[in-house]
1. Which ranges mark the helices (runs of 4 or more DSSP H) fully within region 92-191 that have 3 or more residues being farther than 30 Å from residue 51 by Cβ and in contact (Cβ under 8 Å) with a residue 40 or more places away in the chain?
2. So how many residues does region 38-66 have that are outside any loop (DSSP other than H, G, I, E, B) and either over 16 Å from residue 189 (Cα atoms) or in contact (Cβ under 8 Å) with a residue 40 or more places away in the chain (or both)?
3. Tell me, which residue of region 255-302 that is among the polar types (S, T, N, Q) and assigned to a helix (DSSP H, G or I) is surrounded by the fewest Cβ atoms within 10 Å (Cβ to Cβ)?
4. Run residue 236 past the list (1) under 15 Å from the mean Cα position of the chain (by Cα); (2) under 30 Å from residue 103 (Cα atoms); (3) in contact (Cβ under 8 Å) with a residue 24 or more places away in the chain and report the number of the one that doesn't hold.
5. Please determine, by comparing only the residues of region 97-130 that are open to solvent by 10 Å² or more (accessible area, probe 1.4 Å), under 21 Å from residue 218 (Cα atoms) and touching a Lys or Arg at 6+ places or on another chain (Cβ under 8 Å), which one is modelled with the lowest pLDDT.
6. Any residue at all in region 204-211 that is open to solvent by less than 40 Å² (accessible area, probe 1.4 Å), in contact with a strand residue (DSSP E or B) (Cβ under 9 Å, 6 or more places away or on another chain) and part of a loop (DSSP other than H, G, I, E, B)?
7. Can you pull out the residues in region 239-254 that are in a helix (DSSP H, G or I), without any contact (Cβ under 8 Å) to a residue 40 or more places away in the chain and open to solvent by 30 Å² or more (accessible area, probe 1.4 Å)?
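The values are calculated or read from the model by the stated rules, or taken from the named source; none is laboratory data. What you see is a predicted model, and the numbers here were worked out from it, not measured in a lab. Cβ placement follows ideal geometry from the backbone for every residue including glycine, while neighbour counts extend to all protein chains displayed. Protein only, heavy atoms only, side chains kept; ligands, DNA and RNA dropped before computing areas. Shrake-Rupley method; radii C 1.70, N 1.55, O 1.52, S 1.80 Å.
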Amino acid sequence: MPVTTPRVCVIIAARNAARTIPAAIASALREAEVAEVVVVDDASTDDTQDVARAADDGSGRLSVIRLDVNRGPSFARNAAIKASKSPFLSILDADDFFLEGRFRRLFASLDWDFAADNIMLIRDDASTDLAKLAAPPFAADPEFLDFERFVDGNISRRRVRRGELGFLKPVISRAFLDRHGLSYDENLRLGEDYELYARAVACGARFKIIKSCGYGAIVRADSLSGRHKTQDLKRLADADLALLAINNLPERAKAALRRHERHVRNKYRLRNFLDVKAERGIASAAAYAFASQSNLIPIVSGVAADKLDALFRRTGIAAEQQVPPMRFLMAATNAAKE
């Protein structure tokens, strides 16, 4: 590998990913800038570990770590960071893949600490040949995210296709993480990317985004990232409170964090209400809802919104919100038309 070629470690935290991980590993090993691929098998109950080892291309870049106890993606990623040496880190989910030439575009300049590109979101379809997928030639249109925009960009809205900025998968400077003592919060199994990115930007990270596309994500109903427990929402809301304690955070940044914390906390309150109803009955659920106004308002509005969504689905009003075969996380312009 030429001395001038950036050296990237691709980190893949995997659990029960035997079906998808070969394509993920192959897409990483295809890239010339990739010096290491570290797979952490997070106590899978299938043959993820053996399938991952079988995907080795013989270049000596692939290593597989097996955890005997499921510890979650944050712990797995931190373990991979500690086990690797490359100056740049890139997270790849076990059911996703890189598009060819991704790192060449991201390393076109080095004026960043985090650099992310657009994401192609593809509906799960067994007939899709991932090796033949290519993104349109979007213009890069580079820009830098500030703290307020990033945090506000992680507040989802009903009946709007999800596009939270926490879904981004940036290349990360190891030197920046080391300098500021940053790592993934191992208490989180939901929003761990969001928390790390927000903390990094609060520490002064130059977070660059380009609209050209180099990351492919398969949208699956059974994806690990699509499943979370009620307590995971509470932990994420609590993480916002911890971020509020960062020294010298501007008031506008604090206001954004409070908005995000309220958004997540309200989702937790609604989910907890539904859990209590299922486990202990409507009387206990009602007691929880009426215990405080901060519980009651999001629960009533959330239940009403759920009922409205169900009505829309039955009447076909929400048909336009069905998942399309392919879309992109960020709006972009076609470079060929400029």
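1. Fully inside region 92-191 and qualifying: 147-152.
2. Result for region 38-66: 15.
3. Per the criteria, the residue is 293.
4. (2)
5. 124
6. Among the residues of region 204-211, at least one is open to solvent by less than 40 Å² (accessible area, probe 1.4 Å), in contact with a strand residue (DSSP E or B) (Cβ under 9 Å, 6 or more places away or on another chain) and part of a loop (DSSP other than H, G, I, E, B), which makes the answer yes.
7. 241, 242, 244, 251, 254
Here is a yes/no grid of residues against (1) touching a Leu at 6+ places or on another chain (Cβ under 8 Å); (2) more than 28 Å from residue 228 (Cα to Cα); (3) buried (at least 22 other Cβ atoms within 10 Å of the Cβ):
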| residue | (1), (2), (3) |
| --- | --- |
| 17 | no, no, yes |
| 29 | yes, yes, no |
| 32 | no, yes, no |
| 40 | yes, no, yes |
| 51 | no, no, no |
| 65 | no, no, no |
